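Since the structure comes first, as structure tokens, the remarks are kept for the end.
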């Protein structure tokens, strides 16, 4: 959930995101342990990690929002490759006013897809080939929108993009082409006079598209009908003010780990909707933006959008159960 890093009143904005209402932690073994920061990034160079996709070797593909880059970061914290999205003259992205790279998804063949928001005709979904060659725009999304989270459903051959400003989940064919407003409604929109961020994180899981709404503090589930259309939007958890992107702890079950940007937390959201804090600023978080899970490793990028002493980083932790 990006902001311009040097805007005045950042602290006030962070407070406005809301305080997390969490359920008490149980006395059982914690769901995650052994948190450690494996990489620190250069805030002055706009290396603000916004979203993440994990490679088979355990390295992380991170979008550096304001640098307009996708970087591959090893489990030891080394950056071993970067791809830069093309510069845009006079960007005018809603809310943030800069050209920024946001959500990322990885196909099994290594192709990466990213959301690029510019306030121009370059706004949309871009494809990066496995060889890291020049990115190509495969679909245009509205210039007055903010495509944030991105999810891939290879089985159905589609991509889903969560538009934070317009409150729409867009669907685009994997090969590229025309967009479809797949899901709409108040549940996906920002709150009037809120942060401007409604639908944010997005994942495909168990025949449904799951979406977080930052302003409304909710985690939503939208069933995918047999014909591919969207079913009714259901709220699976609430009281999560400032929620950003999230990940499921396994392919089976509905336990979620979610980044809560303004309060420097990662929370576990249980299938019954209760939630509690599992990682905090004391563990190294600095405005976490997203979560990924691969086997027993949890990945959490932090962008430091609101920090008084910025420390954008990548944190890894061990998943004990879930």
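The values are calculated or read from the model by the stated rules, or taken from the named source; none is laboratory data. Treat the numbers as computed from the prediction; the structure is a model and nothing was measured. Backbone-built Cβ (ideal geometry, glycine too); neighbour counts: all protein chains shown.
Does the stretch 197-219 hold any residues that are closer than 24 Å to residue 113 by Cβ and either in contact with a helix residue (DSSP H, G or I) (Cβ under 6 Å, 6 or more places away or on another chain) or in a loop (DSSP other than H, G, I, E, B) (or both), and which are they?
Filtering the stretch 197-219 down to residues closer than 24 Å to residue 113 by Cβ leaves 197-214, 219.
Of everything in the stretch 197-219, those that are closer than 24 Å to residue 113 by Cβ and either in contact with a helix residue (DSSP H, G or I) (Cβ under 6 Å, 6 or more places away or on another chain) or in a loop (DSSP other than H, G, I, E, B) (or both) turn out to be 197, 198, 199, 205, 206, 207, 214.
Of all strands (runs of 3 or more DSSP E) completely enclosed by the stretch 221-289, which ones contain at least 3 residues that are under 21 Å from residue 161 (Cα atoms) and at pLDDT 95 or above?
In the stretch 221-289, the matching strands (runs of 3 or more DSSP E) lie at 234-237, 243-248, 256-260.
Just to verify a result, which residue in the stretch 181-195, among those that are assigned to a loop (DSSP other than H, G, I, E, B) and over 11 Å from residue 163 (Cα atoms), is nearest to the chain's Cα centre (by Cα)?
Ranking the qualifying residues of the stretch 181-195, first place goes to 195.
Considering the stretch 25-75 alone, what residues qualify as being in a loop (DSSP other than H, G, I, E, B), under 16 Å from residue 298 (Cβ atoms) and under 20 Å from the mean Cα position of the chain (by Cα)?
Selection gives 55, 58, 59, 75.
Is it the case that residue 162 is crowded, with 19+ Cβ neighbours inside 10 Å, in contact (Cβ under 8 Å) with a residue 12 or more places away in the chain, within 20 Å of residue 93 (Cβ to Cβ) and in contact with a strand residue (DSSP E or B) (Cβ under 7 Å, 6 or more places away or on another chain)? Spell out how you get there, then give the answer.
On the way: crowded, with 19+ Cβ neighbours inside 10 Å: yes; in contact (Cβ under 8 Å) with a residue 12 or more places away in the chain: yes; within 20 Å of residue 93 (Cβ to Cβ): yes; in contact with a strand residue (DSSP E or B) (Cβ under 7 Å, 6 or more places away or on another chain): yes.
Taking the combined requirement at face value, the residue satisfies it.
Return the total of residues in the stretch 36-65 being crowded, with 23+ Cβ neighbours inside 10 Å and closer than 19 Å to residue 118 by Cα.
Adding up the residues that qualify gives 9.
Taking residue 224 as meeting all but one of (1) buried (at least 24 other Cβ atoms within 10 Å of the Cβ); (2) in contact with a strand residue (DSSP E or B) (Cβ under 7 Å, 6 or more places away or on another chain), write down the number of the exception.
(1) is the only condition that residue 224 fails.
What are the residues in the stretch 196-211 that are buried (at least 23 other Cβ atoms within 10 Å of the Cβ) and within 19 Å of residue 94 (Cα to Cα), if any?
197, 198, 199, 200, 201
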